[in-house]
Amino acid sequence: MSKVGDEMQAVGMVVEFNPFHNGHAYYVQQAKKQTGADVAVAVMSGNFTQRGEPTIVDKWERTRAALANGVDLVVELPLYFACQPAHRFAAGALALLDQLQVPTVAFGAEHPQRDFKKLVRLAADFDQAALKQYNATYATQFNDQLAQQTGVSLKAPNDILAFAYNKAVLDHHYQMRLVPIQRVGSNYHDQVITGRIASASAIREAVDQHASFAEAVPGEMGAALRQLVSVPAWDDLYPLLRNQLIQAPLESLRQTYQMAEGLEFRLKAAAQQALGFDQFIHAIKTKRYTYAHLIRLCLYTTLQLTEGELAWHAAHPYIHILGFNRRGQEYLHQVKKQVEIPLFTKVSQQMRDRLYNVDYRAGKLYQTFTPVEQDLKHAPVIWR
């Protein structure tokens, strides 16, 4: 991609970097190389992942590692987009990249040769009533219909996201080019480090087991991971969730975002019996819901996030800049006049109480694991 006049061209990426590893560094390098972009703009989940789990290190450490390894600008994907199923996660992230005038988005895919656009068009004709059966998760029912009609099944996490990005572009008529990049090395769910390229799961497992992980991550991330006493996990947050479920009346639990189909009874009963998170999550699992859905529900419940609140915030998006280098700063300067939603580098007290309130509360919850103030007046990471 050539520059238009003196304008810098950007490639966008939607990431968790949990943690940032050598595979990510390769992906950033390839994204720039394959698109000819001058600037890499990452929309990154904050302190909780798409599955609703706390990240291994906070968003500031992950931003620092990203900027040290080829990313030029990092913005936060707000929690009400970040901790969502793939279609909402993808749509929220692309909306921010669209605001930032990013014309190309690169993403890792297990099968980049697939015609995801065609799959999206075929899926538009699915029998929606059949997807509401109670004896299987939505994802399983969706995949069954897809396999019947196309012979393709979307099981790999990045393929599911690839489908979601293509759907978001078609649904919202974004003028964006999507560039799939072949994942290298290990599989997403691999649990063992076997070389320089390892999965994020394997690295988290190695950190948890106090095993060696240094060869799989860049130096900046290695230093942050070595500071950890233990890996942040729901085990540590469970007492807060359990207390909330026991103390809150059913009527108020019912207002929680995604608390549907009588789940409040199930969660309340399980909390009274289960003393640990593992026992609790197994007690509430049914064929109807995936573990990811239920873990996200645990997060919404602990944050006391209501349907109405989430709807308000989803209608009032913003761009919170977590960090940049000189090139990223120049790109921001180039596009900021065209950005139509609030764009800021520091969270003020006024933002804390309204616009940024959900992410602020999530940051306070994450302080279970770190003494670092996550948001209020926290300056962006400036990488020189």
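The values are calculated or read from the model by the stated rules, or taken from the named source; none is laboratory data. It should be emphasised that the depicted structure is a prediction, and the values quoted were computed from it without experimental measurement. No Cβ is skipped: glycine too gets one built from the backbone with ideal geometry, and neighbour counts run over all protein chains shown.
Considering only residues that are assigned to a loop (DSSP other than H, G, I, E, B) and among the hydrophobic types (A, V, I, L, M, F, W, C), look in segment 196-224 and name the one that is surrounded by the most Cβ atoms within 10 Å (Cβ to Cβ).
Taking segment 196-224 first, the residues assigned to a loop (DSSP other than H, G, I, E, B) are 196-199, 209-213, 217-218.
Applying the additional criterion that residues be among the hydrophobic types (A, V, I, L, M, F, W, C) yields 197-198, 211, 213, 217.
Values: Ile197: 18, Ala198: 24, Ala211: 12, Phe213: 23, Val217: 28.
Only one residue tops the list, namely Val217.
Being outside the structural domain of Tyr291 (by TED's automatic domain parsing) and in contact with a Leu (Cβ under 8 Å, 6 or more places away or on another chain), is that true of even one residue in segment 13-30? Yes - at least one qualifying residue is present in segment 13-30.
Quick one: is Thr286 surrounded by fewer than 18 Cβ atoms within 10 Å (Cβ to Cβ), over 20 Å from Asp235 (Cβ atoms), of a type in the set (Ser, Thr, Tyr) and at pLDDT below 95?
Numbers: surrounded by fewer than 18 Cβ atoms within 10 Å (Cβ to Cβ): yes; over 20 Å from Asp235 (Cβ atoms): yes; of a type in the set (Ser, Thr, Tyr): yes; at pLDDT below 95: yes.
Answer is yes for this residue.
Within segment 331-344, which residues are touching a Phe, Trp or Tyr at 6+ places or on another chain (Cβ under 9 Å) and surrounded by 15 or more Cβ atoms within 10 Å (Cβ to Cβ)?
Of the residues in segment 331-344, the ones touching a Phe, Trp or Tyr at 6+ places or on another chain (Cβ under 9 Å) are 331-332, 341-344.
Hits for segment 331-344 are Tyr331, Leu332, Leu343.
Lys287 versus (1) of a type outside the set (Phe, Trp, Tyr); (2) within 23 Å of Val43 (Cα to Cα); (3) not in a helix (DSSP H, G or I): which is the lone unmet condition? For Lys287, the exception is condition (2). Checking the stated criteria, Ala216 turns out not to satisfy the condition of being at pLDDT 90 or above and under 20 Å from the mean Cα position of the chain (by Cα). The single residue among Gly23, Gly46, Gly92 that is within 9 Å of the chain's Cα centre (by Cα), farther than 15 Å from Val179 by Cβ and in contact (Cβ under 8 Å) with a residue 24 or more places away in the chain turns out to be Gly46. Tallying residues that are surrounded by 24 or more Cβ atoms within 10 Å (Cβ to Cβ), more than 24 Å from Asp235 (Cα to Cα) and not small (Gly, Ala, Ser) within segment 45-66 yields 1. Go through segment 29-43 and give me each residue that's under 13 Å from the mean Cα position of the chain (by Cα) and either surrounded by fewer than 22 Cβ atoms within 10 Å (Cβ to Cβ) or closer than 26 Å to Tyr291 by Cα (or both). If the condition is that a residue be under 13 Å from the mean Cα position of the chain (by Cα) and either surrounded by fewer than 22 Cβ atoms within 10 Å (Cβ to Cβ) or closer than 26 Å to Tyr291 by Cα (or both), then Val43 is the only one that fits.
Here's the yes/no breakdown for (1) in a loop (DSSP other than H, G, I, E, B); (2) of a type outside the set (Gly, Ala, Ser):
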residue: Gln30; (1), (2): no, yes
residue: Ala37; (1), (2): yes, no
residue: Ala42; (1), (2): no, no
residue: Arg51; (1), (2): yes, yes
residue: Ala65; (1), (2): no, no
residue: His87; (1), (2): no, yes
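Counting only residues that are part of a helix (DSSP H, G or I) and of a type in the set (Phe, Trp, Tyr), which one in segment 295-320 is surrounded by the most Cβ atoms within 10 Å (Cβ to Cβ)? Across segment 295-320, the extreme among qualifying residues is Tyr300.
Every test in (1) surrounded by 15 or more Cβ atoms within 10 Å (Cβ to Cβ); (2) more than 23 Å from Val71 (Cα to Cα) is passed by Gly328 save one, and that test is (2).
In this structure, does Leu275 turn out to be in a loop (DSSP other than H, G, I, E, B), without any contact (Cβ under 8 Å) to a residue 40 or more places away in the chain and not assigned by TED's automatic domain parsing to the domain that holds Phe48?
Yes, satisfied.
Is one or more of the residues making up segment 10-28 more than 21 Å from Ser199 (Cβ to Cβ) and surrounded by fewer than 23 Cβ atoms within 10 Å (Cβ to Cβ)? No, segment 10-28 has no match at all.
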